[in-house]
Structures are given as structure tokens and as C-alpha cells.
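This report concerns only the one structure given below.
The values are calculated or read from the model by the stated rules, or taken from the named source; none is laboratory data. For clarity, every value in this text was computed on a predicted model and none was experimentally measured. Note: ideal-geometry Cβ built from the backbone for every residue, glycine included; neighbour counts use all protein chains shown. Quick note on the areas: whole protein, heavy atoms, side chains included, nothing else; ligands and nucleic acids left out. Shrake-Rupley method; radii C 1.70, N 1.55, O 1.52, S 1.80 Å.
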Amino acid sequence: MLCWKVKIMNLNFNSPLFEVIRDEKKCVKCKLCVDQCSNKVHLYDEKKDIFKVDDMKCVNCHRCAVLCPTKALVIKKYSLEYRENAMWTDSAIKEIYKQSQTGGVLLSSMGNPNPFPVYWDKMLLNASQVTNPSIDPLREPMETKVMIGRKPEKLEFDSKGKLTTKMPPQVELSVPVMFAAMSYGAISKNAHEALARAADDLGICYNTGEGGLNKDFYKYGKSTVVQVASGRFGVHKEYLNAGVAIEIKIGQGAKPGIGGHLPGRKVGEDVSYTRMIPVGSDAISPAPHHDIYSIEDLRQLIFSLKEVTRYEKPIFVKIAAVHNAAAIASGTVRAGADAIVVDGFRGGTGAAPTRVRDNVGIPIELALASIDQRLREEGIRNQVSLLVSGSVRNSADIVKAIALGADAVCIGAAALIALGCHMCRACVSGKCNWGIATQDPELVKRLDPEVMHKRLVNLVSAWNYEIQELLGGMGINAVDSLRGNRLMLRGIGLNEKELEILGIKYAGE
Amino acid sequence: MKTIDALGVYYRKLNDSIDSAIKTDKNITLSGVFGQRYIGRGLSKGVKIKIQGVPGNDMAAYMDGAEIEVFGNAQDAVGNTMNAGRIVIHGRCGDTLGYSMRGGEIYVEGNVGYRVGIHMKEYKDMKPVIVAGGKAGDFLGEYMAGGAIILLGLDLAEGEEIIGRFCGTGIHGGKIYINGNPDKYNFGKEVEKVSLRDEDIAFLKNHVDLYAKFFKKDLSHLKLEAFAKYAAVNKNPYSNAYCSN
Ligand code: SF4
Ligand code: SF4
């Protein structure tokens with residue numbers, strides 16, 4: 001397929017994306033920008049005592065601008081524009097230049113940035129007025145704790161009122177939030193440590209992703225979900241037993257239907273140790289699990305994991321939100337999953353082929369509504385917890401997700417933004433100036449887990465309070481009472497079909 | 001040595017009773033095994049299990065040092081994601097044998113199914129090895145990232161093929177040794193034939209001798225120099241496939 005690729009020298013049709021503007025009046029020539037930019041955009045010419053910039057390399061990560069002591073730097077969109085054309089947009093043209101030069105598959109980072117509808121913003125929440133009075137979370141107890149796992153059909157008690165039903169294993173979350181799966185390799189060790197410590201402090205979980213678990217982090221086991229993906233990197237008995245739950249990764253919202261690979265250049269000593277593969281070798285996760293071709297096969301994997309953990313851990317199955325997500329979810333429940341994680345088409349990624357990221361999958365809001373509906377209709381909703389991810393930005397999105405039927409949400413990008421991510425979407429370069437999506441020790445050092453984990457704790461604590469306020473406003477005092485309560489939602493700017501799928505009424509109805 | 005009668009026992013109960021039995025005696029025999037899954041899953045060094053009958057899928061999944069000897073055939077996904085230990089099968093074996101195994105050894109007396117050794121990997125001194133006495137199905141060593149597969153092709157009937165199609169598709173590490181000259185087969189495009197060195201012969205000898213010992217066979221006639229060795233064309237197959245956007 002790539003056999004016609006030819007090397008073309010010095011013929012780049014593309015212009016820069018961004019322009020670095022330095023206010024000479026403000027600049028004190030401290031050269032911090034030169035030092036801070038891993039992309040080597042800023043250069044200082046000693047002889048002439050002037051700064052030079054290479055706009056071509058700038059990814060607009062804001063590192064230099066934010067750290068500049070006199071705020072002398074501004075990064076702007078490069079002003080050279082193509083002749084206006086609603087069809088042949090800037091990116092449509094630039095992508096062709098890139099591909100005709102390199103012959104490569106376009107690779108992007110972070111979630112789908114295109115202007116598809118954001119359904120969170122087309123749903124409005126209810127509040128109590130006069131009757132069913134609202135509850136003030138400052139005065140009244142509010143329950144935001146949720147239990148993730150399979151729930152029994154019925155509960156039985158002995159004559160003394162003691163529960164005799166053996167409960168399937170559950171994961172307790174103090175807030176209906178988890179940190180989404182992000183592998184060590186895709187993100188740095190310090191970023192992982194910040195996530196792990198924050199999850200531990202908050203009484204929630206983070207997720208190892210498919211890169212194995214660093215020995216230093218086994219101590220956060222009670223706040224860890226370990227992942228098993230098709231590459232099985234770093235998967236062994238100790239690892240499987242290290243966390244409170246195991247997640248089988250079938251799909252990812254940013255790249256449904258395809259696998260992933262960590263290029264050998266990102267597999268240094270430490271990543272090699274955690275993934276248990278040689279230094280410098282590509283870590284290739286094939287698109288499917290090679291032992292799963294059916295729901296029965298999925299069941300075999302689920303139960304092999306239950307067997308090796310003595311049925312003590314709930315098994316999550318993560319799928320991408322695709323057209324027939326509801327049917328897939330139904331099969332997944334029947335395969336024995338204790339929780340399903342559905343990742344929407346805006347879900348983030350360290351690297352995904354641009355065309356897949358931007359064109360494959362469906363919005364999480366629609367997938368969630370149809371999955372919850374289908375599982376209810378089939379009478380199996382109680383058998384599984386439903387977690388959603390892929391574009392959850394704030395506490396209102398969480399409350400709406402729960403009202404649509406989710407048990408909890410997973411946040412990836414939002415958590416990284418709390419750690420300093422500036423959404424430049426250059427993760428794939430491995431040169432993240434904020435120490436997140438990089439394995440370069442000099443850059444990783446910039447993210448201090450001691451400081452940064454507190455930002456995550458703050459973020460989730462603030463959201464927790466906001467969730468309580470929104471719940472209280474609706475006259476509800478527990479997250480559990482909101483789940484699937486779609487009467488608390490109204491649509492705005494939606495058509496009949498969208499309302500039908502979301503299972504909500506129009507505002508004013 | 002304790003014997004557990006497995007006939008008609010549900011797999012979950014069987015695996016539980018193995019767990020309790022090995023607390024007092026690490027050497028156990030299972031008789032009447034008939035398709036029960038996950039036998040030996042995750043078991044550690046020191047445990048030795050002899051199996052009479054046909055164990056079910058995912059035998060020795062995530063196994064971590066135990067030794068299993070099967071007196072009969074085995075089903076699919078034996079040694080799935082296995083970390084360490086040894087499996088000896090006096091019979092044939094199904095598909096995806098040794099899927100993603102990272103360490104340990106598997107010896108199969110006879111033929112093995114499709115996609116054997118798929119995504120096997122290695123790490124430092126953990127180098128998994130699969131030795132099969134007969135032939136293998138399509139996609140042998142697919143996506144292989146490390147370790148070694150040795151295919152002896154003993155007692156093949158006239159016209160019987162030692163491997164199927166697409167051997168080594170997607171391989172990016174590890175080695176595949178095939179008895180004879182399999183040039184005529186349709187290999188994956190990511191694999192190439194490489195020359196056999198002295199250390200390869202020593203490696204083959206070591207494992208062939210063990211095979212002969214386990215299955216009580218005289219293999220002195222095998223010409224190890226005549227084995228063909230296959231390895232990945234490229235350790236980083238995708239490094240040039242992309243351009244960042
Ligand atoms: S890449 Fe980041 S640090 Fe470098 S010049 Fe651009 S905004 Fe500044
Ligand atoms: S993680 Fe780093 S490279 Fe990726 S978008 Fe955020 S700031 Fe940019």
C-alpha cells in the first residue's frame with residue numbers, strides 16, 4: 001500500500017499555523033522562552049543580541065507565553081490565508097500538501113475538534129419551584145457516592161435482617177467520576193503519578209491504560225483500574241490483581257475499529273520496564289483481540305480475568321460509541337461484563353489517524369441514551385454499570401450524563417487540562433512542553449506530581465459541590481435518584497428524531 | 001501426589017479445588033478432564049499438574065511458573081498471556097496457542113492450530129518458546145514481537161504441508177524456525193528468511209533434545225542445519241507510515 005511512496009526534498013507548500021509575536025518593549029531578554037520551547041521556535045543570536053523565531057515549528061502550546069515574566073509574547077493564528085472557500089478550507093488544502101509531500105497517513109492527537117453538534121449544550125436541566133422544594137447542599141446531606149458493578153436481581157435477608165445475598169464485587173467512587181484510561185507511554189510517569197495520587201485522595205479511580213503499571217504505583221492499587229488491551233502489554237497475574245477492577249479495552253472513541261501503537265522511539269528504559277517489551281521496539285496493539293471474534297469469546301476473556309482474580313474484581317469492558325453500540329452493549333452485558341465504558345467520538349487520544357478520529361463513531365450523548373434504553377427494555381440494565389467518556393467537560397455535563405442513564409463518567413482531556421495541558425493537540429510529537437504527553441526526562445520534570453495532583457483534587461472537589469448544587473436544585477439528594485431520570489432534561493435546538501433518541505421532551509413541553 | 005476426579009465438575013469448582021489442593025500438596029493429578037476452562041490459570045512456580053483427558057480453552061492463562069503436563073489433546077488459547085512455567089502436551093493443540101505469552105515454554109507433541117504464537121513477546125531474559133512436533137495452521141507467528149517458535153514437522157504424510165499461509169504476518173520481533181525448506185509457502189510480507197547461525201543451532205539442539213526427552217523420541221536423525229529461520233524485516237514497521245497533522 002505504501003510502495004509508491006517517494007522522498008521529496010525541500011518542497012514544503014505549507015505555511016506556519018501560528019505566528020509568534022514578541023513585544024520588544026516588554027521583552028527583558030531573559031531567554032526563558034528559548035529554554036522552555038521544546039520545539040526550538042525561539043533562538044537567541046548572541047552576536048547580534050536579537051531573538052529569531054521559527055514560526056513553522058510553533059504548535060501554540062502557550063508554554064513560552066504563559067511563563068514569560070513580562071508577558072511579552074503572544075501567539076496568533078498565522079495571518080496568511082487562502083482565498084475564501086467554504087469547500088476547500090485551510091485544513092483541507094494543508095492536509096493535501098502534507099500527504100503529497102510525505103505519503104504518510106495523517107496522524108492527529110486529542111479528540112475530534114470539528115464542529116459537530118455538542119448535545120450536552122442542547123439539553124437543559126430542571127429545578128424545583130414551589131412544590132418538591134429544592135435542597136441546600138450546605139445544610140442537608142447529599143449522596144454523590146456511586147457503586148460500580150453488577151447488581152443482583154433481588155436482595156435476600158435472614159430472619160435477623162442480615163443480608164444473605166452475596167454481592168458481586170463493586171468499586172466505590174466518592175464522586176461519579178473516574179480518570180479515563182491513559183497509558184504510561186502516551187503520557188508521562190509524572191502525569192500518571194498525579195492522576196494516581198489525586199484519585200487516591202479523592203476516593204475515585206484512575207486507569208492505567210494499556211501500558212502496564214509502574215511498580216512505584218502499586219501502592220495506589222485501591223484507586224486503580226488496570227487495563228487489558230489487545231497488545232497485552234505488562235499484563236500478568238500481579239498486575240491483574242493490583243487494582244480494584246480490570247478493564248478490557250475493545251475500542252476507543254478516538255479510533256474505533258483500529259488498534260494503536262507506541263512508536264519505538266517512545267519506548268525508553270522505563271516504559272520498556274512497565275510494558276515488558278524491549279527498549280526501542282514498537283508496541284503494537286492490534287485492532288482486535290486475537291482471541292475475541294464473538295460475544296462468546298469476549299465471555300471467555302472476561303471469565304479468564306475473573307478466574308485469575310478469584311472473582312474479586314469487577315470486569316469493565318470499554319467500547320467505542322459506534323452505530324450499533326446498543327446491540328454491542330447488550331451482548332457485552334450477556335458476556336458477563338460488570339461495567340461498560342462507552343467512549344464517544346470526541347474522546348481523546350495520544351495519536352489516531354486523522355480520518356478515523358474525525359469520521360468514525362457517534363456522539364456519546366446519543367450512544368448513552370440508546371444503550372441505557374436498550375438495556376432497560378431487555379431488563380438487564382441492573383446487571384451492569386454504565387460509564388461514559390469522550391467530551392465530558394464540566395459538572396453540568398456529568399449531571400446530564402447521569403440523567404440520561406450513566407452511572408458515572410470518565411474524564412481524560414479535562415484531567416489533563418487541570419494538569420496544564422493547553423490543548424495544542426501536538427501530543428503525537430512527544431515534545432509536550434507541559435510534561436504530559438512526553439517521555440523526555442527534561443520535559444517530564446516540568447510536571448511536579450506533588451503540586452499537580454492537588455489541582456486535580458481541587459477540580460473534582462469543585463465539581464462534586466456543583467453536582468450537589470444541581471441535584472439539590474432539582475430536589476434530589478442522591479446521584480442514584482437522578483440516574484436515568486430523563487424528565488430532568490429538556491432539549492433545545494433539537495429535531496424530533498434527536499429528542500426521540502435522547503428520550504427527552506422539548507423545552508416548554 | 002493428590003488426584004482430583006474432574007469428570008463432570010464445573011470449571012469454576014474444579015479450579016477452586018485445585019487452589020485448595022495445592023495449599024497442602026503442590027503435585028496434583030486431574031483425572032477425567034473434559035473441556036474445563038482456565039485450568040492452571042495464574043498458578044505460580046512449584047505447582048505441578050498432570051492432566052488426564054482434554055483440558056478446555058485458556059488452559060494456563062496468565063500462568064506464572066507452574067508446570068502442566070497433559071496426557072491428551074488440548075483446546076484453544078493454551079498459555080494465553082503466560083508469564084512463566086512449562087506446558088507439555090502429549091497430543092495436539094488448538095488455535096492461538098501461546099497468545100501473547102511473554103515467558104515460559106510450551107511443548108506440543110503433535111500438530112498445532114491456526115495463529116499459533118500470535119503476538120508472543122519477550123522482555124529481557126523472559127523469552128517464550130513454543131515447540132511443536134507436527135505442522136501448524138495459517139498465520140503462524142502472526143504479529144509476533146519476541147520469543148521463538150520451533151516447528152519440527154515430524155511424521156508428516158506425503159503431501160502434507162508443514163505450515164499454512166501467511167506465516168509471520170505483522171511480525172516485528174522474535175524468531176520462527178521451521179524444519180526443512182518452506183520457501184514455497186505464502187509468507188506474510190513483514191517476515192524474511194535469515195541465515196542460521198551457530199547460536200541458532202545450539203538453541204535448536206537444546207529444545208529439540210528436551211522435546212525428545214518429554215515425548216521419549218529418538219530425533220538423532222533431525223538435521224538442525226537444515227532448519228529455516230524467519231525473522232521480522234523491520235522492528236519498527238510503522239515508523240514511516242505516518243505524518244503528523
Ligand atoms: S511551541 Fe509553545 S513554547 Fe514553543 S513558541 Fe510555540 S507556544 Fe511558545
Ligand atoms: S498533552 Fe501536551 S502536547 Fe498534548 S495537547 Fe496537551 S499540552 Fe499539547
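Hey, among A:Leu456, A:Leu499, which residue is in a helix (DSSP H, G or I) and either loosely packed, with under 14 Cβ neighbours inside 10 Å or in contact with a helix residue (DSSP H, G or I) (Cβ under 7 Å, 6 or more places away or on another chain) (or both)?
Details: A:Leu499 fails: either loosely packed, with under 14 Cβ neighbours inside 10 Å or in contact with a helix residue (DSSP H, G or I) (Cβ under 7 Å, 6 or more places away or on another chain) (or both).
After applying the criteria, what remains is A:Leu456.
Say whether the condition of being surrounded by fewer than 22 Cβ atoms within 10 Å (Cβ to Cβ), away from ligand 2 (no atom under 16 Å from the Cβ) and assigned to a helix (DSSP H, G or I) is met by at least one residue in the range A:414-421.
No - not one qualifying residue is present in the range A:414-421.
Given the structure, is A:Gly203 small (Gly, Ala, Ser) and under 18 Å from B:Ser100 (Cβ atoms)? If you could, list the steps in order and put the result at the bottom.
Details: small (Gly, Ala, Ser): yes; under 18 Å from B:Ser100 (Cβ atoms): no.
Against the criterion (small (Gly, Ala, Ser) and under 18 Å from B:Ser100 (Cβ atoms)), A:Gly203 does not qualify.
Go through (1) under 23 Å from A:Ala320 (Cα atoms); (2) in contact with a strand residue (DSSP E or B) (Cβ under 6 Å, 6 or more places away or on another chain) for A:Ser188 and report which single condition fails.
(1)
Determine whether the range B:95-103 contains at least one residue that is surrounded by fewer than 24 Cβ atoms within 10 Å (Cβ to Cβ), at the interface with chain A (Cβ under 10 Å from one of its Cβ atoms) and under 21 Å from B:Phe166 (Cα atoms).
Within the range B:95-103, one or more residues are surrounded by fewer than 24 Cβ atoms within 10 Å (Cβ to Cβ), at the interface with chain A (Cβ under 10 Å from one of its Cβ atoms) and under 21 Å from B:Phe166 (Cα atoms).
In this structure, is A:Glu19 under 31 Å from the mean Cα position of the chain (by Cα), surrounded by 12 or more Cβ atoms within 10 Å (Cβ to Cβ), more than 12 Å from ligand 1 (Cβ to nearest atom) and within 19 Å of A:Ala426 (Cα to Cα)? Spell out how you get there, then give the answer.
Working: under 31 Å from the mean Cα position of the chain (by Cα): yes; surrounded by 12 or more Cβ atoms within 10 Å (Cβ to Cβ): yes; more than 12 Å from ligand 1 (Cβ to nearest atom): no; within 19 Å of A:Ala426 (Cα to Cα): yes.
So A:Glu19 does not fit the description; no.
Please list, ordered by first then second residue, the pairs with beta carbon atoms under 7 Å, 6 or more apart or interchain, first in the range A:418-432 and at positive phi, second of a type in the set (Ser, Thr, Tyr) and open to solvent by less than 20 Å² (accessible area, probe 1.4 Å).
Hits for this filter: A:Arg425/A:Ser108; A:Arg425/A:Ser109; A:Gly430/A:Thr438.
Filter the range B:41-53 down to the residues that are more than 10 Å from chain A (Cβ to nearest Cβ) and on the phi > 0 side of the Ramachandran plot, then identify the one that is most open to solvent (accessible area, probe 1.4 Å).
From the range B:41-53, those more than 10 Å from chain A (Cβ to nearest Cβ) are B:45-53; that's our starting set.
Next, from what is left, pick out any that are on the phi > 0 side of the Ramachandran plot: B:46, B:53.
Numbers: B:Gly46: 42, B:Gly53: 23 Å².
Of everything passing the filter in the range B:41-53, B:Gly46 is most open to solvent (accessible area, probe 1.4 Å).
Keeping to the range B:206-231, report how many residues are in contact with a strand residue (DSSP E or B) (Cβ under 6 Å, 6 or more places away or on another chain) and among the hydrophobic types (A, V, I, L, M, F, W, C). Give the steps one after another, and end with the answer.
Of all residues in the range B:206-231, those in contact with a strand residue (DSSP E or B) (Cβ under 6 Å, 6 or more places away or on another chain) come to B:207, B:211, B:214, B:227-231.
When the remaining residues are screened for being among the hydrophobic types (A, V, I, L, M, F, W, C), the result is B:214, B:227-228, B:231.
Count: 4.
Sort through B:Gly113, B:Gly56, B:Gly32 and tell me the only one that's assigned to a loop (DSSP other than H, G, I, E, B), away from chain A (no Cβ under 11 Å) and at pLDDT 95 or above.
On the way: B:Gly56 fails: away from chain A (no Cβ under 11 Å); B:Gly32 fails: assigned to a loop (DSSP other than H, G, I, E, B).
Sole residue among the options that is assigned to a loop (DSSP other than H, G, I, E, B), away from chain A (no Cβ under 11 Å) and at pLDDT 95 or above: B:Gly113.
With the requirement that a residue be more than 7 Å from ligand 1 (Cβ to nearest atom) and open to solvent by less than 100 Å² (accessible area, probe 1.4 Å), what does the range A:39-48 give you?
Filtering the range A:39-48 down to residues more than 7 Å from ligand 1 (Cβ to nearest atom) leaves A:40, A:43-48.
Correct list: A:Leu43, A:Tyr44, A:Asp45.
Condition first: within 11 Å of ligand 2 (Cβ to nearest atom) and part of a loop (DSSP other than H, G, I, E, B). Now tell me which residues in the range A:431-453 satisfy that. Can you show your working first?
The first filter runs over the range A:431-453 and keeps only residues within 11 Å of ligand 2 (Cβ to nearest atom), leaving A:431-438, A:443, A:446-447.
The answer is A:Cys432, A:Asn433, A:Trp434, A:Gly435, A:Ile436, A:Ala437, A:Arg446, A:Leu447.
Quick one: which of B:Val116, B:Val129 is among the hydrophobic types (A, V, I, L, M, F, W, C) and farther than 21 Å from B:Lys205 by Cα?
Numbers: B:Val129 fails: farther than 21 Å from B:Lys205 by Cα.
Every option except B:Val116 fails the conditions.
So, in the range A:398-424, exactly how many residues are hydrophobic (A, V, I, L, M, F, W, C) and either in contact with a Leu (Cβ under 7 Å, 6 or more places away or on another chain) or modelled with pLDDT under 95 (or both)? Working first, answer last.
Taking the range A:398-424 first, the residues hydrophobic (A, V, I, L, M, F, W, C) are A:398-399, A:401-404, A:406, A:408-411, A:413-419, A:421, A:423-424.
Okay, now just the ones that are also either in contact with a Leu (Cβ under 7 Å, 6 or more places away or on another chain) or modelled with pLDDT under 95 (or both), so A:399, A:401-404, A:406, A:408-410, A:415, A:418-419.
Going through the range A:398-424 one residue at a time, the tally reaches 12.
Of the residues that sit in the range A:271-292 and are under 26 Å from the mean Cα position of the chain (by Cα) and more than 21 Å from A:His236 (Cβ to Cβ), which one is surrounded by the fewest Cβ atoms within 10 Å (Cβ to Cβ)?
A:Ala287
Just to check your reading of the model, which residue among A:Asn464, A:Asn433 is more than 14 Å from chain B (Cβ to nearest Cβ), within 16 Å of ligand 1 (Cβ to nearest atom) and among the polar types (S, T, N, Q)? Break it down into steps so the answer makes sense when it comes.
Values: A:Asn464 fails: within 16 Å of ligand 1 (Cβ to nearest atom).
Criteria check complete, one pass: A:Asn433.
All but one of (1) surrounded by fewer than 24 Cβ atoms within 10 Å (Cβ to Cβ); (2) within 16 Å of ligand 2 (Cβ to nearest atom) hold for A:Arg346; state the number of the condition that does not hold.
(1)
Name the residues in the range B:69-94 that are surrounded by fewer than 24 Cβ atoms within 10 Å (Cβ to Cβ), away from chain A (no Cβ under 14 Å) and more than 10 Å from the chain's Cα centre (by Cα), would you?
B:Glu69, B:Phe71, B:Gly72, B:Asn73, B:His90, B:Gly91, B:Arg92
Which count do you get for residues in the range A:49-88 that are open to solvent by less than 60 Å² (accessible area, probe 1.4 Å) and more than 16 Å from ligand 2 (Cβ to nearest atom)?
Qualifying residue count, the range A:49-88: 7.
Can you name every residue in the range A:23-44 that is of a type in the set (S, T, N, Q) and farther than 18 Å from A:Lys76 by Cβ? It would help to see each step written out before you state the result.
Within the range A:23-44, the subset of a type in the set (S, T, N, Q) is A:36, A:38-39.
Result: A:Gln36, A:Ser38.
Out of all the residues in the range A:101-120, which are open to solvent by less than 70 Å² (accessible area, probe 1.4 Å) and either more than 10 Å from chain B (Cβ to nearest Cβ) or within 16 Å of ligand 2 (Cβ to nearest atom) (or both)?
First, the residues of the range A:101-120 that are open to solvent by less than 70 Å² (accessible area, probe 1.4 Å): A:101-114, A:117-120.
Matches in the range A:101-120: A:Leu107, A:Ser108, A:Ser109, A:Met110, A:Gly111, A:Asn112, A:Pro113, A:Asn114, A:Pro117, A:Val118, A:Tyr119, A:Trp120.
This table checks each residue for (1) closer than 23 Å to A:Ile295 by Cβ; (2) out of contact with any Lys or Arg (no Cβ under 8 Å at 6 or more places or on another chain).
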position: A:Thr332; (1), (2): yes, yes
position: A:Asp338; (1), (2): yes, no
position: A:Ala351; (1), (2): no, yes
position: A:Arg357; (1), (2): no, no
position: A:Leu368; (1), (2): yes, yes
position: A:Asn382; (1), (2): yes, no
position: A:Ser391; (1), (2): no, no
position: A:Ala401; (1), (2): no, yes
position: A:Ala406; (1), (2): yes, no
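Can you give me the ranges of the helices (runs of 4 or more DSSP H) entirely in the range A:231-350 with at least 1 residues that are more than 10 Å from every other protein chain (Cβ to nearest Cβ) and free of Cβ contacts under 8 Å to residues at least 40 places away in the same chain? If you could, list the steps in order and put the result at the bottom.
Details: elements: A:237-240, A:269-275, A:295-308, A:325-334.
In the range A:231-350, A:269-275, A:295-308, A:325-334 are the helices (runs of 4 or more DSSP H) which contain 1 or more residues that are more than 10 Å from every other protein chain (Cβ to nearest Cβ) and free of Cβ contacts under 8 Å to residues at least 40 places away in the same chain.
Restricting to the range A:216-231, name every residue that is at pLDDT below 95 and either among the polar types (S, T, N, Q) or in contact with a Phe, Trp or Tyr (Cβ under 8 Å, 6 or more places away or on another chain) (or both).
A:Ser230
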